[in-house]
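**Student:** Let me give you the structure first, and then I'll get to my questions.
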């Protein structure tokens, strides 16, 4: 048998977890943990407890109170164990229910204990026990206190007895490895280990808390104290600092790597730019002009550009991208413009042709997944030999079969619809390809620091002149008739609009308003109004035909799913009705309402409730009534939905999977980390350069460029 590691053995964060095995051959549980990525003691430390509670003192039964964590000892005087009929584990083991009565060792008082969904091994344990420790929360049942699913141990269990006066620590289950096993691994760590390690990244103390003391606190390797709540808060902040610090180093490593790569040099041709600008039927805003010059300045540096162009729906990002692309094409390069939907790709191709189609050097092409193989093959040949120099398309652009003669610029529209890997697949089709990422979902500062720190940002805040803006109102059931009257009035004025629903058809499991029923309902409520449906299950040619009819004004109301979130630009559309808006994120609602108010008429957005909502849900929707500022909405969306749901982008290889650090909760720490890293780079490069050099050897970090 392998004993507990000697205190003379020098354990470090990089020591393999095998040193904690009690036998020469690792147990099945240990092998499972290793397969889940828990390879070193550092990995083990990051398996943080779900709960840490002071172990209660042993009390007589008469002092037991409802809803209180109670520890007692006693003798089992009655037990009943029966099969839980109809319930089995995934391994098809039969489950059991149990009922035992425990009598106090030095008295006549009793406490009943009930168990549900017992495994066969747990059933056997209850059958064999006599005198026990038991721990759990008390609850009243039929005027008597009882415990449900308590922890029980033999009174002879020395380990349990030694835990008295210490902590009750519950670890999560990892790949079916029970938390109790993880707890036993921690019990194998010698005392001197907890004070012997420090951060491999050399981060300083935060609030007088070192990395080792933070882990010691969170794993309850300290004596119980009344100040534990505050100590735990400081420990969590210290670990959040560590995680954010590592993230920033990875982002800095990526940024340096990008700046060292060679990229095509695109010189700024102001005379040509002036010619392009004269073609436009309007003048650019000051922000649009600044954006063009920032992007062109980047592309003449000789290194790949990685820039995000962000701004609200309708601010004019697309025309900026077109003008920049023309400069690239005029100097012999090719441009790929990737869109999330075929409708948006077709819209952009149409706009490009209408505005710049007369330019002799422009050879545009449109690549869609729905195209016939023969047409795709012909287009691919044109891209390889340079006969096509500006291709607009969807996901088809990053397929292996699509190759370029000289891809100098990749433009990715609606970045949150794509993943980092897809960006890489497109930019890798050229040597040092410049990359311009566009987003109508503004990136909150916290996200820009933590996930997009390797990008340069350009923001367009001013909207084109002549826009009347959009008014948003929540429509409850009592206001529905007034809302319907308003729609009739706008339709009589010749306006068009959208009705957006979260589902295509009725669902047995979800009570949602849907496109199919709405079409039938509004044909009755709005007789004579020309309507059509649009959703993702339609054939591409049918969707295209429907959008064309709507564009020509032959359809007055488009009843749709959120497929129209991007890609449809109808200046005559003035109203947007979103049904069951609580089913959408705030950023999606903002994107949807951006489809209206794009012409010289004011836009109206109605959030039509299908049922009564909880106050918190109503408060969330009221953000849409109060502001049209996409940055305010994006920040609120981040708070409501969390960092992972906002953009749907897997950032593996860019940042770590954070265990403690939270963008909103620890935003002040993220700001501190950002400034600390910048200061270290400026004042103490000798400290940070070795860390960056070490990270630069990790190909996973660089592969996502």
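**Student:** Kindly list the number of the only condition in (1) in contact with a helix residue (DSSP H, G or I) (Cβ under 6 Å, 6 or more places away or on another chain); (2) at pLDDT 85 or above; (3) surrounded by fewer than 17 Cβ atoms within 10 Å (Cβ to Cβ) that fails for residue 207.
**Tutor:** Failed condition: (2).
**Student:** Could I ask something else about it? For residue 404, indicate whether it is at pLDDT below 85 and in contact with a strand residue (DSSP E or B) (Cβ under 7 Å, 6 or more places away or on another chain).
**Tutor:** Numbers: at pLDDT below 85: no; in contact with a strand residue (DSSP E or B) (Cβ under 7 Å, 6 or more places away or on another chain): yes.
Spelling it out, it is not the case that residue 404 is at pLDDT below 85 and in contact with a strand residue (DSSP E or B) (Cβ under 7 Å, 6 or more places away or on another chain).
**Student:** Among the residues of region 129-142, write down those that are farther than 21 Å from residue 55 by Cα and either touching a residue at least 60 places away in the same chain (Cβ under 8 Å) or part of a loop (DSSP other than H, G, I, E, B) (or both). Give the steps one after another, and end with the answer.
**Tutor:** Of the residues in region 129-142, the ones farther than 21 Å from residue 55 by Cα are 129-130, 140-142.
129, 130, 140, 142 - these are the residues of region 129-142 that are farther than 21 Å from residue 55 by Cα and either touching a residue at least 60 places away in the same chain (Cβ under 8 Å) or part of a loop (DSSP other than H, G, I, E, B) (or both).
**Student:** Has region 632-654 got any residue that is surrounded by 13 or more Cβ atoms within 10 Å (Cβ to Cβ), at pLDDT 75 or above and not in a helix (DSSP H, G or I)?
**Tutor:** Scanning region 632-654, I find no residue that is surrounded by 13 or more Cβ atoms within 10 Å (Cβ to Cβ), at pLDDT 75 or above and not in a helix (DSSP H, G or I), so the answer is no.
**Student:** On to the next question. I'd like to check which strands (runs of 3 or more DSSP E) are fully inside region 253-367 and have at least 3 residues that are under 23 Å from residue 396 (Cβ atoms), modelled with pLDDT of 90 or more and touching a strand residue (DSSP E or B) at 6+ places or on another chain (Cβ under 6 Å).
**Tutor:** Values: elements: 306-311, 334-338, 364-367.
Qualifying strands (runs of 3 or more DSSP E): 334-338, 364-367.
**Student:** Between 218, 249, which is in contact with a helix residue (DSSP H, G or I) (Cβ under 6 Å, 6 or more places away or on another chain) and under 20 Å from residue 692 (Cα atoms)? Show your work before the answer.
**Tutor:** Values: 218 fails: under 20 Å from residue 692 (Cα atoms).
It is 249.
**Student:** Scanning for something touching a helix residue (DSSP H, G or I) at 6+ places or on another chain (Cβ under 6 Å), surrounded by fewer than 21 Cβ atoms within 10 Å (Cβ to Cβ) and either closer than 21 Å to residue 311 by Cβ or outside the structural domain of residue 490 (by TED's automatic domain parsing) (or both), does region 556-567 turn up at least one residue?
**Tutor:** yes
**Student:** Just checking, how many residues over region 284-309 are under 23 Å from residue 461 (Cβ atoms) and either out of contact with any helix residue (DSSP H, G or I) (no Cβ under 8 Å at 6 or more places or on another chain) or without any contact (Cβ under 8 Å) to a residue 40 or more places away in the chain (or both)?
**Tutor:** Summing the residues that are under 23 Å from residue 461 (Cβ atoms) and either out of contact with any helix residue (DSSP H, G or I) (no Cβ under 8 Å at 6 or more places or on another chain) or without any contact (Cβ under 8 Å) to a residue 40 or more places away in the chain (or both) in region 284-309 gives 12.
**Student:** Of the numbered conditions (1) in contact with a helix residue (DSSP H, G or I) (Cβ under 9 Å, 6 or more places away or on another chain); (2) touching a residue at least 40 places away in the same chain (Cβ under 8 Å); (3) part of a helix (DSSP H, G or I), residue 575 satisfies every one except a single condition; which is it?
**Tutor:** (3)
**Student:** Next up: Only one of 266, 295 is surrounded by 23 or more Cβ atoms within 10 Å (Cβ to Cβ) and more than 32 Å from the chain's Cα centre (by Cα). Can you tell me which?
**Tutor:** Working: 295 fails: more than 32 Å from the chain's Cα centre (by Cα).
Exactly one residue qualifies, and that residue is 266.
**Student:** Considering (1) modelled with pLDDT under 85; (2) more than 26 Å from residue 365 (Cβ to Cβ), say which one residue 481 fails and leave the rest.
**Tutor:** All conditions pass for residue 481, except number (1).
**Student:** So, residue 447, is that one at pLDDT below 90 and over 21 Å from residue 288 (Cα atoms) or not?
**Tutor:** Working: at pLDDT below 90: yes; over 21 Å from residue 288 (Cα atoms): yes.
Judged against the criteria, residue 447 is a match.
**Student:** Looking at region 600-631, which of the residues that are assigned to a loop (DSSP other than H, G, I, E, B) and crowded, with 17+ Cβ neighbours inside 10 Å is modelled with the highest pLDDT?
**Tutor:** Narrowing region 600-631 to residues assigned to a loop (DSSP other than H, G, I, E, B): 600-602, 609-614, 627-629.
Still in the running and crowded, with 17+ Cβ neighbours inside 10 Å: 601, 609, 613, 628.
Details: 601: 82, 609: 91, 613: 84, 628: 83.
The residue in question is 609.
**Student:** Tell me yes or no: at least one residue of region 225-247 is crowded, with 16+ Cβ neighbours inside 10 Å and farther than 29 Å from residue 675 by Cα.
**Tutor:** yes
Okay, residues lined up against (1) surrounded by 12 or more Cβ atoms within 10 Å (Cβ to Cβ); (2) closer than 26 Å to residue 351 by Cβ; (3) in contact (Cβ under 8 Å) with a residue 40 or more places away in the chain:
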position	(1), (2), (3)
515	yes, no, yes
520	no, no, no
531	yes, no, no
551	yes, yes, no
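**Student:** Scan region 221-252 residue by residue and report those that are assigned to a loop (DSSP other than H, G, I, E, B) and either out of contact with any strand residue (DSSP E or B) (no Cβ under 8 Å at 6 or more places or on another chain) or free of Cβ contacts under 8 Å to residues at least 60 places away in the same chain (or both).
**Tutor:** 221, 222, 223, 225, 226, 227
**Student:** Right, next: Please go through (1) more than 30 Å from the chain's Cα centre (by Cα); (2) crowded, with 21+ Cβ neighbours inside 10 Å for residue 336 and return the number of the only condition it doesn't satisfy.
**Tutor:** It fails just one condition, (1).
The values are calculated or read from the model by the stated rules, or taken from the named source; none is laboratory data. Note that the structure is predicted; figures quoted are calculated from it, not measured. Every residue, glycine as well, gets a Cβ built from its backbone with ideal geometry; the counts of neighbours run over all protein chains shown.
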